[in-house]
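The values are calculated or read from the model by the stated rules, or taken from the named source; none is laboratory data. Not measured: the values here are computed from a predicted model. FYI the Cβ positions are ideal-geometry reconstructions off the backbone, even for glycines, and counts take in every protein chain you see. Surface accessibility is based on the protein's heavy atoms, side chains included, excluding ligands, DNA and RNA. Shrake-Rupley method; radii C 1.70, N 1.55, O 1.52, S 1.80 Å.
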Protein chains: 2
Amino acid sequence: MIVVGKKAKEDLKVLILNSAKKLFVEKGIEQTTIRNISDAIGCSIGTVYVYFKDKNAIFHALHTQGFIQLSSEFKVLLHVSNPMERLRAMGKVYINFALKNRDMYDLMFNLKSPMEFLNDEKLQEWNEGKATFDVLRSTVNECLAAGYFAGHQLEPTAFMIWSMVHGMCSLEITNRSVGVNIQNPENIVTAAYEEFMKIMDKL
Amino acid sequence: MIVVGKKAKEDLKVLILNSAKKLFVEKGIEQTTIRNISDAIGCSIGTVYVYFKDKNAIFHALHTQGFIQLSSEFKVLLHVSNPMERLRAMGKVYINFALKNRDMYDLMFNLKSPMEFLNDEKLQEWNEGKATFDVLRSTVNECLAAGYFAGHQLEPTAFMIWSMVHGMCSLEITNRSVGVNIQNPENIVTAAYEEFMKIMDKL
DNA sequence: TTGCAAAAATGAACATTGTTCATTTAATTT
DNA sequence: AAATTAAATGAACAATGTTCATTTTTGCAA
């Protein structure tokens, strides 16, 4: 093979990412050090910097991986033809992803670290977020076309729905939902989403 | 004065907090160092540790200050007798606070740092958050008593409303609302909240 | 006023972190 | 086999949070 060198390079890059992801999910972003990562895969500190500009670049790559996973979990929604049903199902998929991948969700939607590339590289856009929001927007648009959400505007309504679901997940993940009294505290997100679906029924 | 010693001690504690707050708002939590804080008020590094256990304790104190401010801004709501109107106004006050004190809001509702005291000190509770949620809960409760939100449950509904408003502010503050297309991008939060109020009208 | 004990303040020193870069090692080509 | 290119290395650096033995200041009794 001629490109053994490049193949090895890609392999090591993947190894670094996998190692970083594992440590990150175990111990959080702050407690994951470059030395941890390099130790885990048996290479030197410097090698990590051959493949990634800095620590932030590693976590930006992980954040992108998260969006690939979320978008793949959205694929089941293609089988739901009714837009309103699809919208409901989308919320469930989203919530399920968030609560089963808490730190990854935090990285994707809360932490500032992976967004700093917006400042660094000239006006680069948050394509991952845009693509995900597009899925929601087009579904809401179909709902409007089907007569739901009468009197509501597309963009603000879609953003409102996203905010609602994101807010629940975010409060839960960042441990801010502790003051809410409910029989099964672990289900507060599900319970709140069901209230929201009741409301959507009326629109 | 007999308590000069203690008075001085309290003064310095306040100085540290004010200095920390100023630097924190200017440069963010990560970029605010203990040395920055001590330099700004002309004391030594060690002195800061006389008044605060660690950096986290400083930011937990700031986070508490934020809740005091928010709760004071809630006071105007006492003049609104109709619970539904009060609920709407509460959202506006909340959004206004969040967008005018972005880093403080982040500290209060997004960052993990100030919440770590929940692990440290035995089962201490997040009283600041609870008290704020209480204001919302009792307002929603009054709405229910007045016949609004028919068929909805108190706690999940209140949590849902909080999530909705928090989600908007959070996405905006953490720069995740960039993919939303709208004429005045800076008003996406206001526009989305107006859609939400339209929905509340129907309940 | 002086002496002394308690309180407050200090900053050198340490451990840990992200990051750099001159050097070494390995791989590929000539 | 030599030369050239690519990859990997880890010592060294700067910055940070934190500690603690020491110094300075304060409050008060003799």
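Magnitude of the charge dipole for region A:106-197, about its Cα centre and with charges confined to Cβ atoms of Lys, Arg (+1) and Asp, Glu (-1), is about 160 debye. Spatially, region A:127-203 and region A:41-79 are offset by 26 Å when compared through their Cα centroids. Think of region A:127-182 as a dipole: +1 on every Lys or Arg Cβ, -1 on every Asp or Glu Cβ, centred on the Cα centre; then among A:T174, A:A146, A:W162, A:T174 lies furthest on the positive end.
If you take the square roots of the eigenvalues of the alpha-carbon gyration tensor of chain A and sort them as a ≥ b ≥ c, do you get rounded (a/c under 1.5), prolate (a/b over b/c) or oblate? Intermediate results must be reported in sequence, preceding the final value.
On the way: a/c = 2.48, a/b = 1.78, b/c = 1.39.
Prolate is the answer for chain A, as a/c is 1.5 or above and a/b outweighs b/c.
Using a 1.4 Å probe over the heavy atoms of the protein chains, calculate the carbon and sulfur portion of the accessible area of region A:95-203 as a whole percent. Roughly 48 percent of what the probe reaches on region A:95-203 is carbon or sulfur. Modelled this way, with points 7 Å down the Cα-to-C-beta line, the labels at B:N127 and B:Q183 are 4.8 nm from one another.
The mean number of partner chain beta-carbon atoms within 10 angstrom of a residue's beta-carbon across peptide B:129-136 is 3. Of all the accessible heavy-atom surface of region B:46-87, with the other protein chains kept in place and a 1.4 Å probe, what percent is carbon and sulfur? Accessible surface attributable to carbon and sulfur in region B:46-87 totals 60 percent.
Where a ≥ b ≥ c are the square roots of the eigenvalues of the C-alpha gyration tensor, would you call the protein assembly as shown rounded, which needs a/c under 1.5, or, failing that, prolate if a/b is larger than b/c, or oblate? Provide the component values of the computation, followed by the final result.
Values: a/c = 1.99, a/b = 1.06, b/c = 1.89.
The shape class here is oblate.
The string of couplings for region B:76-90 from the Karplus curve (6.51, -1.76, 1.60, θ = phi - 60°) is 4, 5, 4, 7, 9, 7, 5, x, 5, 5, 5, 4, 4, 5, 4 Hz, one whole number per residue in order, with x for Gly and Pro. The A-B contact accounts for roughly 4400 square angstrom of buried accessible surface, both chains included, probe 1.4 angstrom.
Per residue of peptide B:152-158, the mean number of Cβ atoms on other chains within 10 Å of the residue Cβ is 6. Taking all protein chains together and rolling a 1.4 Å probe, B:E116 ends up with roughly 90 Å² accessible. Converting phi to 3J(HN,Hα) with the Karplus coefficients 6.51, -1.76 and 1.60 and the offset θ = phi - 60°, region A:190-203 yields 4, 4, 5, 5, 5, 4, 5, 5, 4, 5, 4, 4, 8, 9 Hz in sequence order, with x at every glycine or proline. Per residue, chain A exposes 49 Å² of accessible surface when a 1.4 Å probe is rolled over the protein heavy atoms with every protein chain present. Say each of B:N175 and B:N18 gets a label point 7 Å from the Cα, pointing the same way as Cα to Cβ; how far apart are those two points in nm? Here the answer is 3.2 nm between the modelled labels.
Inter-copy label distances at B:D134, 7 Å along the Cα→beta-carbon direction, one decimal in nm, shortest first? Spacings between copies for this position, smallest first, are 4.8 nm. The value of relative contact order for chain B, using C-alpha pairs under 8 Å at least six residues apart, is 17 percent.
Residue by residue along A:194-201, Cβ atoms of other protein chains within 10 Å of the local Cβ number 5 on average.
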